Amino acid sequence: MATPSFETLLYSVEDGIATITLNRPDKMNAFTAQMMLEMIAAFDETDADDAVKAVIVTGSGQRAFCAGADLSSGGQTFDYAARGESAREEAKVGDVYRDGGGRVTLRIFDSLKPVICAVNGAAVGIGVTMQLAMDIRIASTEARFGFVFARRGITPEAASSWFLPRIVGISTALEWSYSGRVFPAAEAHERGLVRSLHAPDELLPAARAIVREIIDNTAPVSVALTRQMMWRMLGAAHPMDAHRADSRAIQYRGRAEDAKEGVSSFLEKRAPNYPNHVSSDLPDIWPNWTQPEFK
């Protein structure tokens, strides 16, 4: 597949890893409507490309992963009614304008590939809430985080009221969101927001090492299904919902060529070579699953 070109992102694929780099370093990679659309398009690309086995998201430069929304519009930054006509109408559903950050996190939620976030610097506002739909977050020791919404006179966005308490617990989620304070990487690690801390020059190698452990040993279709099962079951009403999905998944996968290869490679003590592809061999284990509509 041809490598897509973006204005606010860098996108590359190497050895099965797609790297999406937020690329507005002169603006500390601040989030814009263009970046929103391009991030959605980038995840469409990673899902469609069987050469991509996993995704790393990071920021350009040394200062920031993403410093939040671009505030160059001043006091009208968060006022949809003040935006251009095309931007307003595209986001409007009935009388409500959809939050752009939420459109990104919902797209990441639906990703068929595992997503690792390598937080290289400041991550505040949408710069931190966009990470919450990613599977594993690691951070530079120089990174800082902040759910600063109340300090800007607005509220948490990007579906973070769903994601954040599930990751760090309700008490920590409320403390960070009430105060809006910016806190260091050590606190993010202590409270469970990030998996591990790394020296700045060791951050991307650490992310790639995590990804290689996945890519080199596992079946992509199994990983895609596992990602769906774990994320979707966070909101399930009863473990029976998981049992239904598990039963369908193991039945489909148990008769697939991947399962034969997984057992054979183990018995023969060799590296696996899984033949099934996410683009063509992903079974539907969700006969009753419907994406909720925006109302």
Checklist line | Residue in the stretch 41-62 that is nearest to ALA207 (Cα to Cα), counting only those that are of a type in the set (Gly, Ala, Ser) and touching a helix residue (DSSP H, G or I) at 6+ places or on another chain (Cβ under 7 Å) | finding: ALA54
Notebook entry, point to check: Among the numbered criteria (1) of a type in the set (D, E, K, R); (2) surrounded by 14 or more Cβ atoms within 10 Å (Cβ to Cβ); (3) touching a residue at least 40 places away in the same chain (Cβ under 8 Å), which single criterion is violated by ASP216?
Noted result: (2)
Next item on the list: Mind listing whichever residues of the stretch 1-26 are buried (at least 16 other Cβ atoms within 10 Å of the Cβ), under 16 Å from ASN120 (Cβ atoms) and out of contact with any helix residue (DSSP H, G or I) (no Cβ under 6 Å at 6 or more places or on another chain)?
Entry: THR19, THR21, LEU22, ASN23, ARG24
Next item on the list: Taking only the stretch 137-161 into account, find how many residues are among the acidic types (Asp, Glu) and in a helix (DSSP H, G or I).
Entry: 0
Check: With respect to ASP258, is the statement that it is more than 30 Å from SER60 (Cβ to Cβ), assigned to a helix (DSSP H, G or I), outside the structural domain of PHE43 (by TED's automatic domain parsing) and without any contact (Cβ under 8 Å) to a residue 24 or more places away in the chain true?
Finding: no
Item checked: Filtered residues of the stretch 162-190 (kept if of a type in the set (Lys, Arg) and either in contact with a helix residue (DSSP H, G or I) (Cβ under 6 Å, 6 or more places away or on another chain) or part of a helix (DSSP H, G or I) (or both)) -> ARG166
Check: Mind checking which pairs have a first residue in the stretch 134-155 that is outside the structural domain of HIS198 (by TED's automatic domain parsing) and a second that is surrounded by 20 or more Cβ atoms within 10 Å (Cβ to Cβ), Cβ under 6 Å, 6 or more apart or different chains?
Finding: none
Margin query: One residue is enough: does the stretch 58-74 have a residue meeting the conditions under 18 Å from PHE109 (Cα atoms), modelled with pLDDT of 95 or more and surrounded by 15 or more Cβ atoms within 10 Å (Cβ to Cβ)?
Written below: yes
Next item on the list: Among the residues of the stretch 142-163, write down those that are among the β-branched types (Val, Ile, Thr) and closer than 14 Å to PHE31 by Cβ.
Entry: VAL148, ILE154
Check: When you scan the stretch 259-276, how many residues do you find that are in contact with an Asp or Glu (Cβ under 8 Å, 6 or more places away or on another chain) and either surrounded by 12 or more Cβ atoms within 10 Å (Cβ to Cβ) or more than 12 Å from ALA219 (Cβ to Cβ) (or both)?
Finding: 5
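The values are calculated or read from the model by the stated rules, or taken from the named source; none is laboratory data. Remember, it's a predicted structure, so these values are computed and weren't measured experimentally. Note: ideal-geometry Cβ built from the backbone for every residue, glycine included; neighbour counts use all protein chains shown.
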